[in-house]
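Structure record follows, encoded as structure tokens.
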Amino acid sequence: MKKPKGWAVTGIIFIVFFGTLLHFLYEWTGSNQIVGVFAPVNESVWEHLKLLFWPAVLFYIVEWIFSAKMNFLPAKAVGLVAGMLIIVAGYYTYTGIAGCHALWADILLFVAAVVCMQYKSFKIQSLNRDILIGYSTIAALIILAFAAAFVVFTFYPPDIPLFIPGN
């Protein structure tokens, strides 16, 4: 059984690799609607959050099966939210300063968000006792709410900048 640190490092590699593949999957499948739930259907910031979210959730399911359960769901929920916030805040900050976006900066931002997400999750999971046991249900609901939002907003995106391609 891997220790939390080993899972965190393996997760970084897995999430970055599969997140990168997801970027192209929708186009490769001829705009398949089911694939669009998991892969970006356009170049909006919201759709690009799928690159972090879905590979992380898949990895976390595997990790859950084979790892220690202490503080697991709260750690993963906090990590996911932190990673997505880093992408959103980082993107709007750097494009606001630079006046445009750059592919290399987007890639660096994605990798940095994954590393921060995994680090935050690792730190919470590494606590010596299960202090967050009462928060597991809330954490699961947060993760499920994001999953539902990705499904709904793939087909019915709000007309705000986060959901508009190129914003």
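Read the figures in this text as sums done on the coordinates, not as results from a lab. Predicted, not measured: the structure shown is a model, and the values here were computed from it. Reconstructed Cβ throughout: ideal geometry from the backbone, glycine too, with neighbour counts over all protein chains shown.
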**Asked** Using the count of nearby Cβ atoms within 10 Å as a rough guide to exposure, how do Cys116, Cys100 rank from fewest to most?
**Response** Cys100, Cys116
**Prompt:** Using 0.36 nm per residue, how much length does the chain from Val62 to Cys100 gain when fully extended, once their Cα-Cα distance is taken away?
**Reply:** 9.9 nm
**Request:** Among [x] 11, 42, 35, 11, 1; [y] 10, 39, 35, 14, 2; [z] 9, 26, 27, 22, 12, 4, 0, find the value of P(r) over Cα pairs in 10 Å bins from 0, in percent that was calculated from the structure presented, and write down its label.
**Result:** [y]
**Prompt:** Helix 136-155 sits at what angle to the longest principal axis of the chain, using alpha carbons and giving 0 to 90 degrees rounded to 10?
**Reply:** 20 degrees
**Message:** How would the range 77-161 be classified by its alpha-carbon gyration tensor: rounded, prolate or oblate, with rounded meaning a/c under 1.5 and the a/b versus b/c comparison settling the rest?
**Reply:** oblate
